[in-house]
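What follows is one structure encoded as structure tokens, with my remarks underneath.
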Amino acid sequence: GQQLNQSPQSMFIQEGEDVSMNCTSSSIFNTWLWYKQDPGEGPVLLIALYKAGELTSNGRLTAQFGITRKDSFLNISASIPSDVGIYFCAPDNYGQNFVFGPGTRLSVLP
Amino acid sequence: ETGVTQSPTHLIKTRGQQVTLRCSSQSGHNTVSWYQQALGQGPQFIFQYYREEENGRGNFPPRFSGLQFPNYSSELNVNALELDDSALYLCASSLDRTGSPLHFGNGTRLTVT
């Protein structure tokens, strides 16, 4: 079956620092989504990518769809305390089903 | 615009019992997907419903079943509960079944004792 890996598994950063995380797969996908999940809540969509090589920004967040269609990265600039949470990548092939990675747990130190 | 709502928020059941979880999809969405999220893991796909029919299923046994109603709300039923069924069950709706982003509810926390 397909394998989806996210790195790092967890990270501790100082407020104001930039963050970079990525997601790699053994399979090719046509869509990459990034979600953030806060404790006790469902995942919230951050960014959607639909084309290989696409670079998309949403405020302080930037994500890219890898040219091989097997990976994606998410960057967060100038981190703030509310960035704390678990970040999931979730690729898909035309609605077959979105597969979620194991997540990157982000902690922001004041 | 009303988001995805799930009920109940928490539930405690005994091994062997049956449970029904409910989900109201976001306005305008006709597709509902259910995910199981064990503690410390990412959500795992259970199945998806499109216009009242199952449109894909993950690696879950038949005792996990579902329904979608004409108003696109949905139910997840689990029979013969096992301890390992303890998890957060997430419902997500989407505009259609062709890869539109999922919009999640806050889940139902099921504990099986």
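The values are calculated or read from the model by the stated rules, or taken from the named source; none is laboratory data. These figures come from a predicted structure and were not determined experimentally. Every residue, glycine as well, gets a Cβ built from its backbone with ideal geometry; the counts of neighbours run over all protein chains shown.
The table for this structure:
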quantity	calculated
Counted residues, the stretch B:6-31 - those being without any contact (Cβ under 8 Å) to a residue 60 or more places away in the chain, of a type in the set (D, E, K, R) and either part of a loop (DSSP other than H, G, I, E, B) or within 14 Å of another protein chain (Cβ to nearest Cβ) (or both)	0
Answer from A:T56, A:T31 - the residue that is within 14 Å of chain B (Cβ to nearest Cβ), of a type in the set (S, T, N, Q) and without any contact (Cβ under 8 Å) to a residue 12 or more places away in the chain	A:T56
Any chance B:S94 is within 25 Å of A:P39 (Cα to Cα), at pLDDT below 95 and crowded, with 21+ Cβ neighbours inside 10 Å	yes
Residue that is farthest from the other protein chains (Cβ to nearest Cβ) [pool: residues in the stretch A:10-27 that are over 16 Å from A:Q64 (Cβ atoms) and surrounded by 13 or more Cβ atoms within 10 Å (Cβ to Cβ)]	A:E17
Counted residues, the stretch A:34-53 - those being surrounded by fewer than 18 Cβ atoms within 10 Å (Cβ to Cβ), at the interface with chain B (Cβ under 10 Å from one of its Cβ atoms) and not in a strand (DSSP E or B)	4
Qualifying positions in the stretch A:59-110 - within 14 Å of chain B (Cβ to nearest Cβ), in a loop (DSSP other than H, G, I, E, B) and not charged (D, E, K, R)	A:N93, A:Y94, A:G95, A:Q96, A:N97, A:F98, A:V99, A:F100, A:G101, A:P102, A:G103
Close pairs (6 angstrom Cβ cut-off, 6 or more residues apart or separate chains): within 15 Å of B:S93 (Cα to Cα) in the stretch A:35-49, acidic (D, E) anywhere	none
Those residues of the stretch B:78-101 which are among the polar types (S, T, N, Q) and within 14 Å of chain A (Cβ to nearest Cβ), in sequence order	B:S93, B:S94, B:T98, B:S100
Candidate set: the stretch A:56-96, residues that are among the aliphatic types (A, V, I, L, M) and surrounded by fewer than 17 Cβ atoms within 10 Å (Cβ to Cβ); chosen: the one nearest to A:K36 (Cα to Cα)	A:V84
Leading residue by the ranking (nearest to the other protein chains (Cβ to nearest Cβ)) among those in the stretch B:51-77 that are surrounded by 17 or more Cβ atoms within 10 Å (Cβ to Cβ) and under 20 Å from A:F100 (Cβ atoms)	B:N55
Members of the stretch B:32-45 found to be facing another protein chain (nearest Cβ under 8 Å) and within 16 Å of B:R57 (Cα to Cα), listed by number	B:S33, B:Y35, B:P43, B:Q44, B:F45
Hits in the stretch B:57-113 - residues which are of a type in the set (K, R) and in contact (Cβ under 8 Å) with a residue 40 or more places away in the chain	B:R97, B:R109
